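Since every read-out is calculated from the coordinates, none of them should be taken as a lab result. None of the values given here were measured: they were computed from a predicted structure. Cβ: placed from backbone, ideal geometry, glycine included. Neighbour counts: every protein chain shown.
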Amino acid sequence: MAAAALAVNGDFYDRLLAVGGNSACADCASKEPPTWASSNLGVVLCNECVGAHRGLGVHISKPLSLKMDAWSEEAQAFMLSKGNAVVNAELEAHSAAAASKPDADAPLETKVAFVKSKYEKMAFKAGGDGVVVEAARTSDRFSSKGQVHAGIAIVRVLKAHDLLNADDSTGLGLDKSDPYVKIISPTGKSAQTKVIDNDLNPEWNETLQLNVDDLKPLRLEVWDSDTLTADDPLGHGDIVLTGLAPGEPTKKKVELIGHPSQGWVEVEITFAALDA
Ligand SMILES: [Ca+2]
Ligand SMILES: [Ca+2]
Ligand SMILES: [Zn+2]
C-alpha cells in the first residue's frame, strides 16, 4: 500500500520537501526530513508533532502521511503553495515563538502544548499573547477525548542469539532455557511470542502487534518459561520507534541488558499510522 501511494503521488514528496522551510518539522527543532503533513494547514511535520496535530481535532488540522496516503492533485497543489516558511511567517510572527519551540527530543506533552498554542490559540500570530498553554500530564492525555493516536507498531520477532541458560541447575548443560519474547507498550499493553523449548538461539519468526499512543520506546523482555517455578528473566531492551519511516519494515538488533542477561534479539519493526 505504501508503494502504491508513493506511485500515485509521483514526485510530490521530493517537490514538497524542496519548498521553503519544508526540509524540517514546522513545530519542533527536529532536523529529520518530515514524513507527515497537515493537509489543511499546509505544513510538513515530524512523526511526533503529527501526533500533537491529531490531538487538535480535524476541525483544526487534518494530518496525512506523505508516504502512505494518496494525495489528490488539488491537495498537492495546496501543499506546494504553502510550506513551513510561509505558514510560520504568519503563525510564528510573535517574538516569543522561537524561544517556545520544543526541542526535537522534548516530551510529547511539550510538543502538544506548543502545537495547541500555535494553531488553536494562535498565541504567536502578530498581536497574539505569546504564551504557551500549560502542558498536560501524561495521565490526562490518555483519559481525555483528544487522545493522541500515533498508530500501530508491528513487531516481527525474528530470533535471539546466545541467550542465558536459566535451566542449567546441574551445570552440565543438560537442560536449556525455554525462551519467549514479550513486547510491552509505554501504557502497559503487551504481546508475547510462543515458547521455544531448550534453545539458546531460538527463531520465532512471529509477528506481534501493539497499539501505541505515542512514540516512546517499546520494552522488549526475554523470559525462560518454567513449569514448576516462576519464569526466569533473560534480559530486556528498548525498541525505539522514533525515526522509523512509516510503513517501511526496519530491522533492529536489541542488545539484552539487565541482571542477569546476555545476547541479543533481532526484530523487524513496522510503524503504521492510524487515522484519527
Ligand atoms: Ca528456568
Ligand atoms: Ca528447559
Ligand atoms: Zn516536530
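Might you let me know whether region 206-214 holds any residue that is more than 30 Å from residue 58 (Cα to Cα), within 16 Å of ligand 1 (Cβ to nearest atom) and in contact (Cβ under 8 Å) with a residue 24 or more places away in the chain? Within region 206-214, not a single residue is more than 30 Å from residue 58 (Cα to Cα), within 16 Å of ligand 1 (Cβ to nearest atom) and in contact (Cβ under 8 Å) with a residue 24 or more places away in the chain.
In region 198-221, what count of residues is obtained for those that are in contact with a His (Cβ under 7 Å, 6 or more places away or on another chain) and assigned to a strand (DSSP E or B)?
3
Only one of the listed residues (37, 26) is in a loop (DSSP other than H, G, I, E, B) and closer than 22 Å to residue 151 by Cβ. That residue is 26. The residues in region 53-81 that are among the hydroxyl-bearing types (Ser, Thr, Tyr), closer than 20 Å to residue 151 by Cα and in a loop (DSSP other than H, G, I, E, B) can be counted, and the count is 1. Selection within region 230-240: residues that are of a type outside the set (A, V, I, L, M, F, W, C), assigned to a strand (DSSP E or B) and within 16 Å of ligand 2 (Cβ to nearest atom). The member of this set that is farthest from the chain's Cα centre (by Cα) is 232. For region 236-253, the criterion of being of a type in the set (Val, Ile, Thr) and within 16 Å of ligand 1 (Cβ to nearest atom) is met by none of the residues. Taking the criterion of being away from ligand 2 (no atom under 16 Å from the Cβ), surrounded by 17 or more Cβ atoms within 10 Å (Cβ to Cβ) and β-branched (Val, Ile, Thr), the only residue of region 194-229 that qualifies is 212. No other residue among 19, 86, 50, 44 is assigned to a helix (DSSP H, G or I), in contact with a Gly (Cβ under 8 Å, 6 or more places away or on another chain) and either farther than 17 Å from residue 246 by Cβ or of a type outside the set (Ser, Thr, Tyr) (or both) apart from 86. Which count do you get for residues in region 165-195 that are closer than 22 Å to residue 218 by Cα and either among the charged types (D, E, K, R) or assigned to a loop (DSSP other than H, G, I, E, B) (or both)? Residues meeting the conditions: 9.
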